[in-house]
Amino acid sequence: MVLEAFVTKAYSYFGGIENDFNSARVIVVGVPFEVSTTYKTGTRFAPYAIRIAASNIEFYSIRANIDVDEVPIHDLGDIIISSNRDETLKRIEEVTATLVDNADNKLIIFLGGEHTITLGVIRGLTRKKKNTCVVNIDAHFDLREEYLDDKFSHASVMRRIAELISPRSIVFYGVRAFSKEEKEYVLKNNITYVDAREILESPLQSTEKILEKLNNPTTCAHIHVSVDMDVYDPSYAPGVGNPEPEGLTPSTIFDFIHKLIPRLQSNGQTITVDVVEVSPPNDCNDITSILAAKTIVEIIASWYTSKYGHRK
């Protein structure tokens, strides 16, 4: 079986509580993959650090009014990383496709790892889900044709995904750091985005712009939400691969999540998630890992309450 071949148990569980796979509503899987980081390395240590942080923070969501401790979560463990990037992406693809087949009514969350893991996830999703769209919550577009002669760099991951699902199937929230090449690509392909300054000035209007673009269950039947932790301002998340000033606050991101997910649920659109680019060696007092864990808690809370109410 694919999961047995490509996944190994982690040293700790997300939140420290383990539930049976079949009874769980949420599946967590780590992807400790790092090969193309170009500034601050260490993203391969993130799944472990996020799990430890999750075991030591409170799980109550004041926005959803639910204790996420009540939500049955199964931590599958970590995908076994190969020294060959293509092989690792293939394993991520196979695990994703297998999970969709066996956990289609559950929320699947991937813990990166560098942002390149999202390409493997999308490859797996598109094998099983028609009309997949991506919400990239990120400081960067990651739309370069190549970076440092690498077409599969973390700085090019959304370009490769755009070639797979079409550029207009990706929306960007929180961008503030990009090249001229990327901006020209966005304008040429009429890609929907809201930058950090626009969000800070008009958070409600910015959210509605994203929701309006996604408000079509036919063209976006499945939504993959990718959270690059560098979307947060470095004062909140210093431990990332490529920190950029003038970022967003946790309150802004959490508010967006709690608007986004219930809207998608009400439309009957299915959801998967990844959280990437935490770099524990570059963190300060583990605050980035803690914020990543809290981001996941809020995602689970929003998804669970909008899908099931407060029932276990």
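The values are calculated or read from the model by the stated rules, or taken from the named source; none is laboratory data. All values reported here derive from a predicted model rather than from experimental measurement. Because the Cβ atoms are built from the backbone with ideal geometry, glycine has one as well, and the counts that use them run over all protein chains shown. To get the accessible areas, we keep the full protein, side chains included, count just its heavy atoms, and leave off ligands, DNA and RNA. Shrake-Rupley method; radii C 1.70, N 1.55, O 1.52, S 1.80 Å.
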Worksheet entry | Among residues of segment 238-295, those that are in contact with a His (Cβ under 8 Å, 6 or more places away or on another chain), among the aliphatic types (A, V, I, L, M) and crowded, with 23+ Cβ neighbours inside 10 Å, counted | 2
Fill in: Flag if D86 is open to solvent by 10 Å² or more (accessible area, probe 1.4 Å), in contact with a strand residue (DSSP E or B) (Cβ under 8 Å, 6 or more places away or on another chain) and acidic (D, E)
no
Practice prompt. Starting from segment 55-66, take each residue that is closer than 26 Å to S12 by Cα and list its partners that are open to solvent by 90 Å² or more (accessible area, probe 1.4 Å), counting only C-beta distances under 8 angstrom and pairs at least six apart or across chains.
Written response: I66/Y60; I66/H310
Worksheet, complete the sentence: Screening S36, S23 for residues that are closer than 17 Å to V157 by Cα, among the small types (G, A, S) and modelled with pLDDT of 90 or more leaves only S36
Practice prompt. Being part of a strand (DSSP E or B) and either under 18 Å from V273 (Cβ atoms) or out of contact with any Lys or Arg (no Cβ under 7 Å at 6 or more places or on another chain) (or both) narrows it down to one of V28, V121, so name that one.
Written response: V28
Worksheet item: Of the numbered conditions (1) under 21 Å from I161 (Cα atoms); (2) assigned to a helix (DSSP H, G or I), I109 satisfies every one except a single condition; which is it?
Response: (2)
Item to complete: Identify, by number, the condition in (1) surrounded by fewer than 19 Cβ atoms within 10 Å (Cβ to Cβ); (2) small (G, A, S); (3) assigned to a helix (DSSP H, G or I) that S12 doesn't meet.
Response: (3)
Worksheet item: Has segment 147-157 got at least one residue that is touching a helix residue (DSSP H, G or I) at 6+ places or on another chain (Cβ under 6 Å), open to solvent by 20 Å² or more (accessible area, probe 1.4 Å), under 19 Å from T38 (Cα atoms) and not in a strand (DSSP E or B)?
Response: no
Response to the item:
Checking I271, I296 in turn, the sole residue that is in a helix (DSSP H, G or I) and either under 18 Å from D104 (Cα atoms) or under 16 Å from the mean Cα position of the chain (by Cα) (or both) turns out to be I296
Worksheet, complete the sentence: T126 fails exactly one of (1) open to solvent by less than 30 Å² (accessible area, probe 1.4 Å); (2) among the β-branched types (V, I, T); (3) more than 14 Å from E34 (Cα to Cα); (4) assigned to a helix (DSSP H, G or I), namely (1)
Item to complete: Can you give me the number of residues within segment 93-111 that are open to solvent by less than 10 Å² (accessible area, probe 1.4 Å) and at pLDDT 95 or above?
Response: 9
